[in-house]
Amino acid sequence: MSRTGRPRKQSGSVYKRGDSRRWWMRYRDNQGRLIQETTGTENREEAERQLRARLLARDEGALSALLSGKDLTFGAWADWFLENRSCPPMRSENTHRANLEVLRNLRPVFEDWRLVDITAEAIEEYLTRRLRSRRKVTTKLGIYQTTPLRPSTVHREYRVLSRILNVAVQKKRIASNPCHSVEFPARLAGSTRKPHYLTASEQARVEFFAPAYLRNVVVIMVEMGLRPYKELLPIRKEHVDMENRLVHLPDSKTASGIADMPMSERAYEAFDSQWSQSADSDFLFPSTRPGATKPHLTTLKKTWASTLKRASIAHFPLYQLRHTFATRLSAGGVADHFVTQMLRQGDSAVFKRYSQAKLGMMREALQKLDRQANEHERTFATA
């Protein structure tokens, strides 16, 4: 005769131990073994969310991988991240270099911490301390501290840390990302530069003072919104269909950036001009420097800076010509979701950084206010 009794509780529960301020969770694994572990938080809702993540991992068969990450340190995980999620071709060389620079500041603090022990409070304490520190400049006479760190600099460290922990969540090494519960302790509005919108008169001056190849770059960017260093400069002639006026982009910053882009009339003229200037090369923008590592141009920073100076325009990065492209599309009445597709962005929220046209439209609308509307003899009611 088989024994029957109350079935085991499979949903689990959260509880507190004695005088402990942190919540613990209790649940059973796939073999029915009882597991008890701390959630590391004093918030009951956060503790219950971690419990649900554990139960979901158990149902998906990923609980063992999640529990194996309990002793995984931040330093070991950062090494894995740099090798598998930061190096080219997963990310660009510039992104990898920025990750290395940020980790030089993160490692001294979190190197030996276990991933499960990193809390939102510890991250906020780190950010607050960084905001109070100063930039260090190394000279022959020693290391000097200069101006305080900008909030945008510290926020970049926060974004990289959040990215590293997000990958840990995806790989089931931790249940949740503590960065999601962090409120950045500073305002970024005054520390970040607003993108520059190139007006028609400014563009005319830039084209007048720029060398021929840079003039073509400017026209193509404001007419098509191509990224200068990842998409435009490395482009081969075989990817340009002059007959059908199409440009194929085989490589880009994001997967959504790989696409076929049509040319406008001015962009077609710029491509045709550049084609004739690079007749002996397979690239539209070949490098003329002897001993160059790549057969095409890789930077335009010096030429761009000198051109802006001769045109009497305050310096702004060449990349921001994409803002001009997006702004002109939006000002022309193109819907926001289609502008996002033209920019080839994966996230529609990114469009907010690119278009400034709506602010100008709002100002024009405010100029049409009728401040005596209630004093007219006739009403504005529909007849």
*Within region 9-39, report the trypsin sites (Lys or Arg not before Pro) that DSSP leaves as loop and that have at most 15 other Cβ atoms within 10 Å.*
K9, R17, R21, R22, R33
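How about region 224-263: which GluC sites (Glu not before Pro) there are in a DSSP loop, with at most 16 other Cβ atoms within 10 Å of their Cβ?
Loop-located and lightly packed - E243.
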*In what sequence do L297, L34 fall when counting other Cβ within 10 Å, fewest first?*
L34, L297
*asked:* Just to be sure I understand the curve: with the Debye formula and one point per C-alpha of the chain, what is log10 I(q)/I(0) at q = 0.13 Å⁻¹?
replied: -1.18
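Given contacts defined as C-alpha pairs under 8 Å and at least six residues apart, what's the relative contact order of the chain, whole-number percent?
Across the chain, relative contact order equals 11 percent.
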_Under the rule of at least 5 residues apart or a separate chain, name every residue whose amide H is placed under 5 Å from the amide H of G40._
W23
*Over the Cα atoms of region 20-66, compute the convex hull volume and normalise it per residue, giving Å³.*
61
*Across region 73-81, in residue order, what do the Karplus-derived ³J(HN,Hα) couplings come to in whole Hz, using 6.51 cos²θ - 1.76 cosθ + 1.60 with θ = phi - 60° and x for Gly and Pro?*
8, 5, x, 5, 6, 5, 4, 5, 4
*Order of E124, E223, E37 under a 10 Å beta carbon neighbour criterion, fewest first*: E37, E124, E223
*Roughly what % of Cα-Cα distances in region 105-264 sit above 29 Å, to the whole percent?*
50
*Step through the residues of region 264-273 one at a time and calculate ³J(HN,Hα) from phi using the Karplus curve (6.51 cos²θ - 1.76 cosθ + 1.60, θ = phi - 60°), rounding each to whole Hz and writing x for Gly and Pro.*
7, 5, 5, 5, 4, 5, 5, 5, 5, 5
*Quick one: grab Rg to one decimal and Dmax as a whole number for region 200-365, Cα atoms only, in Å.*
16.1, 56
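Please report, in debye to the nearest 20, how large the charge dipole of region 20-66 is about its Cα centre when each Lys and Arg carries +1 at its beta carbon and each Asp and Glu carries -1 there.
Roughly 160 debye for region 20-66.
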_At 1.306 mPa s and 10 °C, plugging the Kirkwood radius over alpha-carbon pairs of region 72-181 into Stokes-Einstein gives what diffusion coefficient in µm²/s?_
107
*Mind checking region 89-179 for trypsin sites (Lys or Arg not before Pro) that DSSP puts in a loop (not H, G, I, E or B) and that have at most 12 other Cβ atoms within 10 Å?*
K140
*asked:* 5 Å is the cut-off here: which amide hydrogens, built 1.01 Å from N in the peptide plane, fall below it relative to R227, excluding neighbours closer than 5 in sequence?
replied: L232
*Rounded to whole Hz, the Karplus (6.51, -1.76, 1.60) HN-Hα couplings of region 296-309, x for glycine and proline*: 10, 4, 10, 8, 10, 4, 5, 5, 5, 5, 5, 5, 4, 5
_Can you sort I174, I143, I123, I258 from fewest to most other Cβ atoms within 10 Å of each residue's own Cβ?_
I143, I258, I123, I174
*asked:* Distance between the C-alpha centers of region 236-291 and region 47-61? Whole Å please.
replied: 50
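Read-outs throughout are calculated quantities, based only on the coordinates presented, and are distinct from any laboratory measurement. Not measured: the values here are computed from a predicted model. No Cβ is skipped: glycine too gets one built from the backbone with ideal geometry, and neighbour counts run over all protein chains shown.
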